[in-house]
Amino acid sequence: MQNYKTNCFNSDNLTIKCGDNTINFQNPLVMGILNLTPDSFYDGGSYLNEENIIKRACQILEEGADIIDLGAYSTRPGAAEVSADEEYRRMAPAVKYIREKFPDAILSIDTFRAEIAAKIVDEFGACIINDISGGTMDEAMYETVARLQVPYIMMHIKGTPQNMQKNPEYIDLMGELMDFFKERIKQLNDLGCKDIILDPGFGFGKTLDHNYEIVARLKEFDKFNLPVLIGISRKSMIYKFLGGDPSTSLNGTTALNMISLERGASILRVHDVKEAVECVKLYSKIKLQS
């Protein structure tokens, strides 16, 4: 068996640092989504002013989420491109509002642009950087994250949001994902970046069957000894299989989240925080009894 453990947590108690905050992975965490875009697939256009942004952040925290994930560039399949200036114009005020109202909240910045990551962290303090491209869409991202010394979510994608769902093909799906992560974890480690979270990238250059194969084989990511984030909330892999649309896909989301927890997921990235928190509580209760 190949040795994939090129990286490990920075301490023996499964924690990573984000500024003054310590993120503990002894139990699974929940990340609540706050979309700042007008065109996201589920709640686009809902959080475009200060009042609604603060209200949503408050809801995410009150319902028990550990992290708020802010995105200002829709990455749904076929989404329109957004300039860096526009992405920053959407992102910066939202981070400012949340930092002022909830200074202790752990924030995740959903961006593939090193420029945006650097500006937000330099201006507002340490945040997790959630990169849907795993460093493939901005060659400066790894050096930027290493300089900032912030946690980094490395997602696998095949292609770009504009073309990723145009007949994606793999000779060996899991083998290609493992090679992708092994190579890129080493690149980050060589730059001194250790706090890495992996995201298989459901729906990002994968067919419906690819997505379900990843869920079924999620335990294989244990080879890396890193936290694994699962982002399947209300995605088409659910409603294209069960029927319906994003608005009817909460039950399917919860079912797949529980299966993912049983297979080792560390973070659930969701639109529906209360239901995900309940899922984690039930999973943790059962785990205690085993």
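Coordinate-derived values only; no laboratory data. Computed from a prediction, not measured in an experiment: that's the story for all the values here. Cβ placement follows ideal geometry from the backbone for every residue including glycine, while neighbour counts extend to all protein chains displayed.
If you place +1 on the Cβ of every Lys and Arg and -1 on the Cβ of every Asp and Glu, how big does the dipole about the Cα centre of segment 176-290 come out, in debye to the nearest 20? Display every interim value, and only then the final one.
On the way: 17 positive and 15 negative charges, 50 e Å.
So the dipole magnitude of segment 176-290 works out to roughly 240 debye.
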Open item on the list: Longer than 24 Å from Cα to Cα, which of Lys223/Lys274; Lys166/Lys223; Lys194/Lys223; Lys186/Lys219 are they? Say none if no pair is.
Closed with: Lys223/Lys274; Lys166/Lys223
TODO: Please report, in debye to the nearest 20, how large the charge dipole of segment 26-289 is about its Cα centre when each Lys and Arg carries +1 at its beta carbon and each Asp and Glu carries -1 there.
DONE: 580 debye
TODO: Step through the residues of segment 94-107 one at a time and calculate ³J(HN,Hα) from phi using the Karplus curve (6.51 cos²θ - 1.76 cosθ + 1.60, θ = phi - 60°), rounding each to whole Hz and writing x for Gly and Pro.
DONE: 5, 4, 4, 4, 6, 4, 6, 7, 10, x, 8, 5, 8, 10
Task: Cleavage-rule hits (GluC sites (Glu not before Pro)) in segment 117-202: DSSP loop, at most 13 neighbouring Cβ within 10 angstrom - done: Glu139, Glu169
TODO: May I ask for the equivalent-ellipsoid semi-axes of segment 166-290, computed as the square root of five times each C-alpha gyration tensor eigenvalue and listed largest first in whole Å?
DONE: 25, 20, 12
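Looking at the P(r) of segment 26-289, how many percent of alpha-carbon pairs lie beyond 36 Å? All intermediate terms of the calculation are to be shown ahead of the outcome.
On the way: 2268 of 34716 pairs.
Pairs farther apart than 36 Å: 7 percent.
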- [ ] Give the residue from Cys58, Tyr239, Tyr152 lying farthest towards the positive end of the charge dipole for the chain; charges sit on Cβ (+1 for Lys and Arg, -1 for Asp and Glu) and the dipole is referred to the Cα centre.
- [x] Tyr239
TODO: Over 19 Å, how big is the tail of the calculated P(r) for segment 104-158, in percent of all Cα pairs?
DONE: 15 percent
